[in-house]
Amino acid sequence: MSDTFATCCLTMLVTGLGCNPQINYFLSSCVLFISDGIRRAFRPLLLFYAGKMGAVLLLCLLTSMLGRIVLLDVLAAYAQWVSVLLNLSFIAVGIVTIIKTHCQTKKPCSGKCCQERSRFYTLTPVAVGALYGITPCAPFLMLLGYAAALHPVESAVVSVIFTAANAVSPIILLAAMTGFLSGKLYRKLPSLAGTVKCLASAVLIVIGVVRIAVLLPGVLA
């Protein structure tokens, strides 16, 4: 193991642990939408970080093989559009959840309906995780800077360390608490559960709209 590779691994571990994801509300909302207790609370988190790790790994490999072409040119071109897509996904998840919750109050979920609902909340965290994973931020740019100077295999290892360290955050505790409380809510106050999900969805939509309004001037310039 080279000294450079060892230094990169240690730096990405510390950087990942120190990263404070701004997507915690989305993840805690997903836990609220699908979990009926602590048992299922961590499923959205695992799916989200699986999507993020896949996207980060792919981009690091491309950067390692193509160097500064990806790091500077491509990254500068797609950066703001990825942020817009990420926030559009927040809006989409909020709207779909409100519609599904409204339909469910009229007709309880069963059979094919439940399968479609499960599929939506399985694919969405993976897709959002991938978008979030390639959204430029200071730690991610540092990671790509290291990847450009490393062998593809080494850059892959460093990207996995970074994403794994990033996953160790307060959201794990928050997910457990949200899962526990949502389980209590669904069992004891099922009529209120739908209202809480709709309110959480509304906030998710507002977050997406506000962020897109901030990003649009830069995208359209």
Give the ranking of Val214, Val82 by solvent-accessible surface, highest area first, calculated with a 1.4 Å probe. Val214, Val82
Report the local net charge at Val126: Lys and Arg +1, Asp and Glu -1, summed over other residues whose C-beta lies under 12 Å from its C-beta. +3
Quick check: with the 1.4 Å probe, what order do Met65, Met177 take by accessible area, largest first? Met65, Met177
Could you tell me the extents of the stretch 127-180's C-alpha atoms along the three principal axes, largest first, rounded to whole Å? 45, 20, 18
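The values are calculated or read from the model by the stated rules, or taken from the named source; none is laboratory data. Since the model is a prediction, treat every value here as computed from it, not as a measurement. As a convention, Cβ positions derive from the backbone with ideal geometry for all residues, glycine included, and neighbour counts pool all protein chains shown. Quick note on the areas: whole protein, heavy atoms, side chains included, nothing else; ligands and nucleic acids left out. Shrake-Rupley method; radii C 1.70, N 1.55, O 1.52, S 1.80 Å.
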